[in-house]
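Okay, so here's the structure we're looking at.
The values are calculated or read from the model by the stated rules, or taken from the named source; none is laboratory data. Since we're looking at a predicted model, the values are computed, not measured. Here Cβ is always computed from backbone atoms with ideal geometry, including for glycine, and neighbour counts include all displayed protein chains. Just so you know, the surface numbers come from the protein's heavy atoms only, side chains and all, with ligands and any DNA or RNA stripped out. Shrake-Rupley method; radii C 1.70, N 1.55, O 1.52, S 1.80 Å.
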There are 2 protein chains.
Amino acid sequence: MPKVKAQITISLDGYMAGPNQSAENPLGEGGEALHEWAFKQAAFSEMHGRGNEGERGLSDDVLRTALENLGAVVMGRNMFGPIRGEWPDEEWKGWWGDDPPFHCPVYVLTHHPRDAFELEGGNSFHFVTEGIEVAIAAAKEEAAERDVAVGGASTLQQTIAAGLLDEIVVTQVPILLGSGERLFDHLAADAAEVELTDVVRGAEALHLTYRLG
Amino acid sequence: MPKVKAQITISLDGYMAGPNQSAENPLGEGGEALHEWAFKQAAFSEMHGRGNEGERGLSDDVLRTALENLGAVVMGRNMFGPIRGEWPDEEWKGWWGDDPPFHCPVYVLTHHPRDAFELEGGNSFHFVTEGIEVAIAAAKEEAAERDVAVGGASTLQQTIAAGLLDEIVVTQVPILLGSGERLFDHLAADAAEVELTDVVRGAEALHLTYRLG
């Protein structure tokens, strides 16, 4: 059964990015530290075409599971790039170079229309101006029997609020960021029924899987 | 080695109390649901003098450990009661009746002086106007070879910011409260070095122990 899923890393105080995100510092101040555990994993190296290096422990399994069976990705405009407002031109093609690590169609939520484009490795980017329901529906249709991954704080919050997220792996690293962008924010008290379904304690990160209903 | 410790229950979105706390609803809207796991434990029944009822599983062990070896408690004024500003009189003696469950001296942080008083069962309440360092120091001296427990969001944040909290057990229940009072808030990015030292998955709650340095 295909799922709409997410894997997201947060600090002990709940931030998925530090303060003052910018083109130079897309994860915000201190935000790099959130992802150090992931950079070390074999699954991360493979996803980025760097072959057979990296760790192969419990955290690698979690990351591998999050990345496998992906048929489409939905992300917010902040995750796609630093440009706000109207697109000045079509030059910005994401943070990830000519061969992004998704290898499937990516749906970018934006208020500003833009033509779709393709990159190498099966990557294509499509811009959705009609809101989260339309983006998730398009991604599910594209993904067919595979999963849809959702990324970005605001996009995840919208997906949860719309009752469209099936599962989230919250990876928690024991650091305090103090400020920035929280994962669980701007949500109503009854936004979702949540069930903890798995707990995996990796060497540097704790992975908590929740089913949402 | 005695510790300054805390055990606190939060929602998936990080709240330790729901919105609109009041005398009628001291845990805020929805906040009762945070503590349902605790009310069921044998350690909770024993602490409140209700004898031998309750569950005796992993969560009971966690609660029992948090409550054992206590020599003093430090709490904020919001945890002590709903009265703000000057004390109108000395009538309010806390939420807990004639025989509070602490059975040791309790130090209440407040801006407004008030005389200490004693209740049954070894409970006494002392009011500290000189700030968190003075309150923790008084509690440690009183506790001697036993532990000091800290309670209340603001008091915990002050204790962490002052580098005085040794250990915290964060109990997480899989609910979304949406708003209220967050445990990890108003903290600097470098407020503490944190290390995850224990993970216990109880039937209804996940208990994460962190050492702070």
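Let me confirm one metric for peptide B:169-181, namely the mean number of other chain beta-carbon atoms within 10 Å of its residues' beta-carbons. Average neighbour count from other chains, rounded to a whole number: 4. Quick one: of the DSSP bridges fully inside chain B, what percent are antiparallel, nearest 5? Of those bridges, close to 40 percent are antiparallel.
Placing dummy labels 7 Å off each Cα toward the beta-carbon, the span from B:GLU133 to A:ASN25 is 3.0 nm. For A:GLU141 and A:MET1, the difference between the fully extended length at 0.36 nm per residue and the C-alpha to C-alpha distance is 49.0 nm. Computed with a 1.4 angstrom probe on protein heavy atoms, the B-A interface buries about 2300 square angstrom of accessible area in total.
For the rotation that carries chain A onto chain B, the axis lies closest to a Cβ at A:GLY14, 2, where the number is the distance in whole Å. Plainly put, the tip 7 Å out from Cα toward Cβ on B:ASN20 is 3.9 nm from that tip on each other copy, the closest given first. Computed from backbone phi, the HN-Hα couplings of the stretch A:134-145 come to 5, 5, 5, 4, 5, 5, 5, 5, 5, 6, 6, 8 Hz, rounded to whole numbers (Karplus: 6.51 cos²θ - 1.76 cosθ + 1.60, θ = phi - 60°; Gly and Pro given as x).
Report, in listed order, any pair from A:LYS3/B:LYS5; B:LYS5/B:LYS40; A:LYS40/B:LYS5; A:LYS5/A:LYS93; A:LYS3/A:LYS93 with a Cα-Cα distance greater than 30 Å. All intermediate terms of the calculation are to be shown ahead of the outcome.
Values: A:LYS3/B:LYS5 41 Å; B:LYS5/B:LYS40 22 Å; A:LYS40/B:LYS5 33 Å; A:LYS5/A:LYS93 24 Å; A:LYS3/A:LYS93 27 Å.
Pairs exceeding 30 Å: A:LYS3/B:LYS5; A:LYS40/B:LYS5.
Overall, the accessible surface of the stretch B:76-213 at a probe of 1.4 angstrom is composed of carbon and sulfur to the extent of 47 percent.
Across A:GLU142, A:GLU46, A:GLU167, mean-square fluctuation computed from a Gaussian network of chain A (C-alpha pairs under 10 Å connected) peaks at A:GLU46.
Computed over the protein assembly as shown, the per-residue total of -39500 (n - 2.57) for DSSP H runs of n ≥ 4 gives a 222 nm mean residue ellipticity of -5500 deg cm²/dmol, rounded to 500. Placing dummy labels 7 Å off each Cα toward the beta-carbon, the span from B:SER124 to B:GLU204 is 3.7 nm.
Plainly put, the tip 7 Å out from Cα toward Cβ on A:ARG50 is 5.4 nm from that tip on each other copy, the closest given first.
List the distances, in nm and shortest first, from the label point of B:ASP61 to the matching label points in every other copy, placing each point 7 Å from Cα along the Cα-to-Cβ direction. So the label point of B:ASP61 gives 2.2 nm to the other copies.
If you take the Cα centroid of the stretch A:1-70 and the Cα centroid of the stretch B:133-183, the two points sit 31 Å apart.
Annotation: amide H of B:GLN41 within the under-5 Å range of B:GLU55, sequence separation 5 or more or interchain, hydrogens built in the peptide plane. Residues in the stretch A:75-84 carry Karplus couplings, in order, of 9, x, 5, 5, 6, 6, x, x, 6, 10 Hz; the curve used is 6.51 cos²θ - 1.76 cosθ + 1.60 with θ = phi - 60°, and Gly or Pro positions show x. Net length available on complete extension from A:ARG56 to A:HIS111 is 15.7 nm, with 0.36 nm assigned per residue and the Cα-Cα distance removed.
A 1.4 Å probe run over the stretch A:168-213, with the rest of the protein chains in place, finds 41 Å² accessible per residue. Put simply, the amide H of B:THR171, placed in the peptide plane, has neighbours under 5 Å in B:ILE8, B:THR9, B:ILE10, B:LEU208, leaving out anything fewer than 5 places away on its chain. Among the trypsin sites (Lys or Arg not before Pro) found in the stretch B:28-57, not one is both in a DSSP coil and sparsely packed, with 10 or fewer other Cβ atoms within 10 Å of its Cβ.
Among DSSP bridges having both ends in the protein assembly as shown, what percentage is antiparallel? Round to the nearest 5. Don't skip to the answer; put the middle values down first.
Numbers: 34 of 82 bridges.
Within the protein assembly as shown, antiparallel bridges account for around 40 percent of the total.
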